[in-house]
Each structure stands twice: as C-alpha cells, then as structure tokens.
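Written out below as structure tokens is the structure these notes cover.
The values are calculated or read from the model by the stated rules, or taken from the named source; none is laboratory data. These numbers come from a predicted model, not from an experiment. Backbone-built Cβ (ideal geometry, glycine too); neighbour counts: all protein chains shown.
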Amino acid sequence: MSFKKSEEILAEVHRNCQLALQSITDILPESEDECVREELMREHEEYEKMCSRAAIIAKDKNIELKNPGPIKKAMMWSSIKMNTMTDNSRAHIAEMMTQGTVMGITALKSSLSDMSDEEEDEDIRRLAEDVLALEERFEEIWKELIK
C-alpha cells in the first residue's frame, strides 16, 4: 500500500472540511434568512464532526494535518463579504454555498479516483466517501434553496 496516497487524501478531506467551516463562519453573519442560517449551522456541525474524525485518524496514523493559511482565509473572507454586500438573499447565498460544495465534491472525487485498491487505507477511504456523501446531500439542499 502506498501510504503517501492515503495521506494525501486525508489531507484533502481535512482541507475540504476546514475551508467549508471557514466559509460557513464567514457567510453566517451576512445571512438574515432564518432557513439559511439554520442550514448553515447544521452543516457547520456536520463538518466539525468530519474534521474530528480526520484528526483522530491522523493522530492514529501519525500524520500531520495542516490548516489553510491566513492568506487563503483572508481571500475567502473578502470574497464572501464582496459577494454578499449587494445581495445577501437566500438564493444568492445558496448559490455561493452550492459553488463551494461542488468544488469540494470535485476535489474529493478526483482524489478518490486516483486511489487504487492496493494504495487504500480503509479508514481514510471511508472518511473521504462519508464527506463526499455529506457534500452531495448539502449540494441538493442548496440547489433547492436557490429556487
């Protein structure tokens, strides 16, 4: 088994969850729609659970996970503030969340497709698949809120 590939996938899962948490934290104060706020808080909780699972796996396998840097966070924050300054409607926020979720889904699918059976760490694969399924559900929810 190529531990390197599993390590990269775990890092991708962690990065994906961290970016989602940061985005939700940045968008939440901009939303006045109660339905959107509830969904954002629910998703934040789910991403926190996945981050915790990633951290436990990383600790068990002696893998160091890195959080997104301050420049990346600042860029996300400013992008969200600019995007919601003129339009913080339910549909616009749902559209922004859909775009972010689709980027996460694409990155996870790409990482998982690169992993062959002999490179596979079952715990990491299961976590990646769980995060992918979670994001696919979130995508559907946000698509419904765009309407």
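Scanning the range 63-87 for residues that are surrounded by 17 or more Cβ atoms within 10 Å (Cβ to Cβ) and closer than 23 Å to residue 146 by Cβ yields a count of 4. Meeting the requirement of 2 or more residues that are polar (S, T, N, Q), the helices (runs of 4 or more DSSP H) wholly within the range 66-147 are 70-85, 90-114.
In the range 16-26, the condition of being farther than 17 Å from residue 67 by Cβ and of a type outside the set (Lys, Arg) is met by no residue. For the range 12-45: of the residues being under 30 Å from residue 120 (Cβ atoms) and surrounded by fewer than 18 Cβ atoms within 10 Å (Cβ to Cβ), which is nearest to the chain's Cα centre (by Cα)? So the residue we want is 44. Just for the range 48-62: of the residues that are in contact with a helix residue (DSSP H, G or I) (Cβ under 7 Å, 6 or more places away or on another chain) and touching a residue at least 40 places away in the same chain (Cβ under 8 Å), which one is surrounded by the most Cβ atoms within 10 Å (Cβ to Cβ)? Among those residues, the one meeting the criterion is 54. Just a yes or no: is a residue in the range 82-97 at pLDDT below 95, under 19 Å from residue 129 (Cα atoms) and acidic (Asp, Glu)? Scanning the range 82-97 turns up no residue that is at pLDDT below 95, under 19 Å from residue 129 (Cα atoms) and acidic (Asp, Glu). Taking the listed residues 114, 121, the one that is surrounded by 19 or more Cβ atoms within 10 Å (Cβ to Cβ) and modelled with pLDDT under 95 is 121, with no other qualifying.
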